[in-house]
Amino acid sequence: MATRTWTKYPYFEEETSADVVIARMGTDIDPRLRQVMTAAITHLHAFVKEVRPNHKEWLAAIQFLTRTGHMSTDWRQEYILLSDTLGVTMLVDAINNSHGDGATENTILGPFYVENPPHYPNGTNICLDGKGEPLVVRGRVLDTDGNPIAGATIDAWQTNEDGFYDVQQKGVQPEMNLRGIFTTDADGRYWFRTVKPRFYPIPDDGPVGQLLAAMGRGPNRAAHIHFKVKAPGLEEVITHVFPPDCPYLETDAVFGVKETLIGDFRHVDDAAEAARLGFTNPYWALDWDFTLARAK
Ligand code: BEZ
Ligand code: FE
């Protein structure tokens, strides 16, 4: 009879299932990997024990994940969409960006950020397709002590009036429609012209859209303008500003809305000022400051 070495959890049993799997990890492995995999195995086994799926249900779960992988390409990341719609992206962000120091709050980056958009002088109109209700955005970049920051960059992007980003409609929208980088002046001020953002659905023609529908949830994101704001020596902020009249503020598909990010979009009826801005009257105006924390 062969001699056997003693191990604490040699054979699989439902009661000790997670311990059995965890005990198989080697002794000489990365400690962070051990910590992460121990937690993942523990929670996954607890989940399965709570849900008690039958074989058909477990196969359906695996097929869902398979479809999610097949749907993903360089420009369509269905797993990120899954993380976004289950609130995990915002949770990771909350864990890593709990400023509590008066800095502008972060929110989700989203998949439609484009590197190297055009740099424009202040006042430029980034709406290149002429659709939508005109909006002027004006404000300052400050540090958490209230000092204006000169030379900060404000990278803005948003959908057009039809609810699509330029990269979703190549050949339909002008390239770099509704994107641009502005730089603050000596008083920390920036301004640009655009259109009032509107709500739009996240890409919902894949497995994540099917899951949302099955859960009785809608695909719409609350209307927003995205911003990435940075300045030397200060923490970068990736954020949005939301108009207060959007009907999807409380049901945003990716949980990206924070109360502090709802802006005061004013509907302005001033023909002379509209003409000066090159806008039709009435138009929208938003005053919006960004506050950045000192870099750690
Ligand atoms: C966005 O705001 O662009 C976005 C965020 C998460 C998922 C899809 C879109
Ligand atoms: Fe967006």
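Extents of region 79-292, largest first, come to 50, 38, 30 Å (Cα atoms, principal axes, whole angstrom). A simple charge model with +1 on the Cβ of Lys and Arg, -1 on the Cβ of Asp and Glu and nothing else charged puts the dipole of region 1-83 at about 80 debye relative to its Cα centre. Identify which of Arg52, Arg193, Arg179 has the largest mean-square fluctuation in a Gaussian network model of the chain, with springs joining Cα atoms closer than 10 Å. Looking only at Arg52, Arg193, Arg179, the biggest GNM fluctuation is shown by Arg52. Taking every Cα-Cα distance in region 199-296 and sorting them into 5 Å bins starting at zero, the pair-distance distribution P(r) comes out as 3, 12, 16, 14, 15, 15, 12, 9, 4, 1, 0 percent.
Along the axis of the charge dipole computed for the chain (Cβ charges of +1 for Lys and Arg, -1 for Asp and Glu, origin at the Cα centre), the listed residues Gln168, Pro10, Thr38 are led at the positive end by Pro10.
Sparse packing (at most 10 other Cβ atoms within 10 Å of the Cβ) combined with a DSSP loop state is found for the following chymotrypsin sites (Phe, Trp or Tyr not before Pro) in region 54-126: Trp75. Dividing the summed helix terms, -39500 (n - 2.57) for each DSSP H run of n ≥ 4, by the number of residues in the chain produces a 222 nm estimate of -8000 deg cm²/dmol to the nearest 500.
Each of the GluC sites (Glu not before Pro) that DSSP puts in a loop and that has at most 11 other Cβ atoms within 10 Å breaks the chain; the longest unbroken stretch is 116-296.
Comparing Cα centroids, region 167-196 and region 266-283 end up 19 angstrom apart. Have a look at Asp187, Asp205, Asp30 and tell me which one the Gaussian network model of the chain (Cα, springs below 10 Å) gives the largest fluctuation. It is Asp30. Ordered by solvent-accessible area of protein heavy atoms (1.4 Å probe), largest first, the residues Lys258, Lys170 come out as Lys170, Lys258. Of the trypsin sites (Lys or Arg not before Pro) found in region 9-57, those in coil by DSSP whose Cβ has at most 14 other Cβ atoms within 10 Å are Arg24. Please find, in a Gaussian network model of the chain (springs between Cα atoms separated by less than 10 Å), the residue of Asp185, Asp28, Asp252 whose mean-square fluctuation is greatest. Sorting by GNM fluctuation, first place goes to Asp28. Within the shell defined by Cβ-Cβ distances under 14 Å, the residues around Ala275 carry a net charge of -1, with Lys and Arg each +1 and Asp and Glu each -1.
The values are calculated or read from the model by the stated rules, or taken from the named source; none is laboratory data. Small disclaimer: the values here were computed from a predicted structure and weren't measured. All Cβ positions, even for glycine, are placed from backbone atoms using ideal geometry, and neighbour counts span all protein chains on display. Note: areas computed on protein heavy atoms with side chains; ligands, DNA, RNA excluded. Shrake-Rupley method; radii C 1.70, N 1.55, O 1.52, S 1.80 Å.
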